[in-house]
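The values are calculated or read from the model by the stated rules, or taken from the named source; none is laboratory data. What you see is a predicted model, and the numbers here were worked out from it, not measured in a lab. Cβ placement follows ideal geometry from the backbone for every residue including glycine, while neighbour counts extend to all protein chains displayed.
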There are 2 protein chains.
Amino acid sequence: MMELPVILFGLGGVGRSLVRQILDNRLFHAETYGLRVRFVALCDSRSAIIEPTDGLTDEEIEAALALKKEGKSLAHHELGGSQDDLSAIVDIAGIPGTVVVDCSATEQTVPALLFALSRDYKVVLANKKPLTNQQEVYDRLTRAGDTRDAPRDLARLRWETTVGAGLPVIATLTRLVASGDTIQRVAGTFSGTLGFLMTGLEAGRLFSEVVREAHQLGYTEPDPRDDLGGVDVARKALILARGMGHRLEMKDIEVKGLYPPLMETLTVAEFMDALPQLDEHYQDEVARAAAEGKVLRYAATIQVTDGRVACSVGPTAVEKDTPLGRLSGTDNLIALYSRWYSPNPLVIQGRGAGVDATAAGVLSDVVEMAYTV
Amino acid sequence: MMELPVILFGLGGVGRSLVRQILDNRLFHAETYGLRVRFVALCDSRSAIIEPTDGLTDEEIEAALALKKEGKSLAHHELGGSQDDLSAIVDIAGIPGTVVVDCSATEQTVPALLFALSRDYKVVLANKKPLTNQQEVYDRLTRAGDTRDAPRDLARLRWETTVGAGLPVIATLTRLVASGDTIQRVAGTFSGTLGFLMTGLEAGRLFSEVVREAHQLGYTEPDPRDDLGGVDVARKALILARGMGHRLEMKDIEVKGLYPPLMETLTVAEFMDALPQLDEHYQDEVARAAAEGKVLRYAATIQVTDGRVACSVGPTAVEKDTPLGRLSGTDNLIALYSRWYSPNPLVIQGRGAGVDATAAGVLSDVVEMAYTV
């Protein structure tokens, strides 16, 4: 039996679903792959439970899940909450072969992740933030450790679910790059929420009406501007562009949100009330696109011209007869145009959100890590 | 620098393109991954060149490519052509870490592949035949060797390009299975040639006319029945179903070809002349599908009901408003319906043929193998 010790950062929805899926698949993993995934530490932002030697028992894990479900924090081991303490957890709980899984949503984990990599442990990220930090941090996370002298190491880091949840976007990009294929253009939609909005606009509905419905259905964040601003999509575009080998920062991405900067200072209630001011603008935009035979999508576009990369995120009029133009609803989609995939792109489409689908993608990454060196 | 010794079986179009792409990417692989892919043996069906210690030189490789391009066989080392000799090549040329890449199209390689795996070498298949052999052979190829006591080993075998060429079909399937997701249904088209035919029929063209055009353009095999019979698509369906963990044989797949068995005995010329006899049948089929709001596709379908798998390949009327229904032209497409991907499936679409795109997919598999254990 192969033992795969796991340290988990983050016990929100995705982290908890991952724990549940690992427990539920224990027999399947043992019987099919001879693989035993074993939690040696579970950490939330303030505390942790650790059992380096034998791994946490089912009872300890279930108790932790129950606590988190009640909105409480882990009890056994109080952390100070600073970054140094996550490194201390890795130090105490880690043994050779350990996989550190980051399902949190904070940059605070970076020192602990780098510490884990310096120990030759492996890292799986559902957390986008470490990869959208400065290029230098990205390089340190993705480059070979002391064991390999190379800018990129395909063995020690996986980050599939940072773009398109469980869809195999990063795996596909990594495969194309590794084969030496040259990716000329990437066009995609990476927000189910914004896909819902754009489909509503295309159907002739008012912007204010669709945003309100998405808000009421819980499709948006509590403050819808967190979706409408496009920053989350920009993070995903940055991760893709860096995965293609380009060196750039968040500030190099042209981000166009769905509301004017002026509305940034409003309260959520004021913002919701002010939405009808934008209705006419979007009616015009949709009509203008339609007049050209196009449709409006909230798209991320990465264009490589003579080796230089241009990366933009925003409402975009796209030809109807393209993968992006044919898309409707909340599915994510990525179209990769490369040397071998042109004029027709390689397209991946499907659900790009949801805690269970995301956790399943994290679990795929974790299982792969049992076989890499 | 990581050294990755490669033994290549098969120097047809894909094999030669792979050699070319490995040479062309040498600097990129060295600078990006610190990886040096090194050919220690090149083998065609009759002969081989071997250089176990230092790897073949560029001059030796170029000379081999030139010979093959002229339709000649490799000269340095004459093989008897029997399976035992490929095992002997593996025996002579292999060292720990060796990847045996099979770009041939014959079952004759199976003993050598099993021999390579028994030595703990790794195997990359572009060749479908070893995986569509009896289930017992599939099991021996995909199972753990002496080093791991488990039915499946994710470290030692890759076969991405056996379905959909370079499209990440197998990688995606493997990831879903490894996460414990339950795949309920797979629907796909895995023949650009048959996609071309079906698009022509949908446009109202005669069956005989479209087949003749495809034949003249070189889209079909010299004998078009090799495509129209559906056996190649059935092999791909079998590989997918087995990848999902089901145990079945070629005979368990219901294959419906595009011509009646009666026409099997004709010469190619007679067959081409007899095609108009089928025109009316396909006009009726297309019209009947259209009357139900459907379109005709040459589809592979894998349906799992209560744990039992049913696998069929043939002309199928599908709803227009599905991924398969929206597809046109020569692209391949796979729609995976699973626990996490339903009602909307996970869809992968793009070019599913071509020696260069296939060889690029093989190269991605080879590079991955540098990092597995």
> Quick one: would you say B:ALA335 is buried (at least 22 other Cβ atoms within 10 Å of the Cβ) and not assigned by TED's automatic domain parsing to the domain that holds B:GLY15?
Replying inline: yes
>> With the structure loaded, tell me whether B:GLU249 is in contact (Cβ under 8 Å) with a residue 60 or more places away in the chain, more than 21 Å from B:GLY192 (Cα to Cα) and among the acidic types (Asp, Glu) or whether it fails that test.
In response: yes
> Within region B:26-50, how many residues turn out to be more than 24 Å from B:ALA105 (Cα to Cα) and in contact with a strand residue (DSSP E or B) (Cβ under 8 Å, 6 or more places away or on another chain)?
Replying inline: 7
> So which residues in region A:177-232 are in a helix (DSSP H, G or I) and either under 30 Å from B:ASN25 (Cβ atoms) or outside the structural domain of A:PHE271 (by TED's automatic domain parsing) (or both)?
Replying inline: A:VAL177, A:ALA178
> Of the numbered conditions (1) in a strand (DSSP E or B); (2) out of contact with any His (no Cβ under 9 Å at 6 or more places or on another chain); (3) not acidic (Asp, Glu), B:CYS311 satisfies every one except a single condition; which is it?
Replying inline: (2)
> What is the one condition in (1) more than 17 Å from the chain's Cα centre (by Cα); (2) within 9 Å of chain A (Cβ to nearest Cβ); (3) of a type in the set (Asp, Glu) that B:ASP139 does not satisfy?
Replying inline: (2)
>> Can you tell me how many residues within region A:252-298 are loosely packed, with under 14 Cβ neighbours inside 10 Å, in contact (Cβ under 8 Å) with a residue 40 or more places away in the chain and assigned to a loop (DSSP other than H, G, I, E, B)?
In response: 1
> What are the residues in region B:332-357 that are within 7 Å of chain A (Cβ to nearest Cβ) and not in a loop (DSSP other than H, G, I, E, B), if any?
Replying inline: B:LEU346, B:VAL347, B:ILE348, B:GLN349, B:GLY350, B:ASP356, B:ALA357
> Under 9 Å by Cβ, and 6 or more places apart or on different chains, what pairs join a residue from region B:29-48 that is on the phi > 0 side of the Ramachandran plot with one that is in a loop (DSSP other than H, G, I, E, B)?
Replying inline: B:GLY34/A:ALA144; B:GLY34/A:ARG148; B:GLY34/A:ASP149; B:GLY34/A:ALA150; B:GLY34/A:PRO151; B:GLY34/A:ARG152; B:GLY34/A:ASP153; B:GLY34/B:MET1
>> Condition (residue is farther than 20 Å from A:THR358 by Cβ, more than 14 Å from chain B (Cβ to nearest Cβ), loosely packed, with under 15 Cβ neighbours inside 10 Å and β-branched (Val, Ile, Thr)) applied to region A:88-110: is it met by at least one residue?
In response: yes
> If we scan region A:306-317, do we find a residue that is buried (at least 21 other Cβ atoms within 10 Å of the Cβ), closer than 17 Å to A:VAL163 by Cβ and more than 14 Å from chain B (Cβ to nearest Cβ)?
Replying inline: yes
> When only residues in region B:358-373 that are part of a loop (DSSP other than H, G, I, E, B) and touching a residue at least 60 places away in the same chain (Cβ under 8 Å) count, which is farthest from the other protein chains (Cβ to nearest Cβ)?
Replying inline: B:ALA370
> Quick one: in region B:54-74, which of the residues that are under 26 Å from B:TYR121 (Cα atoms) and loosely packed, with under 12 Cβ neighbours inside 10 Å is modelled with the lowest pLDDT?
Replying inline: B:ASP54
> Can you pull out the residues in region B:112-132 that are in contact with an Asp or Glu (Cβ under 7 Å, 6 or more places away or on another chain) and either surrounded by fewer than 17 Cβ atoms within 10 Å (Cβ to Cβ) or within 14 Å of chain A (Cβ to nearest Cβ) (or both)?
Replying inline: B:VAL124, B:ALA126
> What are the residues in region A:343-365 that are surrounded by fewer than 24 Cβ atoms within 10 Å (Cβ to Cβ) and among the β-branched types (Val, Ile, Thr), if any?
Replying inline: A:VAL355
> Which one of the conditions (1) within 14 Å of A:GLY188 (Cα to Cα); (2) free of Cβ contacts under 8 Å to residues at least 12 places away in the same chain does A:GLY314 fail to meet, given that it meets all the rest?
Replying inline: (2)
> Take the residues of region B:150-191 that are modelled with pLDDT under 95 and farther than 16 Å from B:LEU125 by Cβ: which is nearest to the other protein chains (Cβ to nearest Cβ)?
Replying inline: B:ALA150
> Out of all the residues in region A:39-53, is one or more surrounded by fewer than 16 Cβ atoms within 10 Å (Cβ to Cβ), more than 11 Å from chain B (Cβ to nearest Cβ) and more than 24 Å from A:ASN127 (Cβ to Cβ)?
Replying inline: yes
>> Among the residues that make up region B:282-296, is at least one of them over 17 Å from B:GLY352 (Cα atoms), within 14 Å of chain A (Cβ to nearest Cβ) and not hydrophobic (A, V, I, L, M, F, W, C)?
In response: no
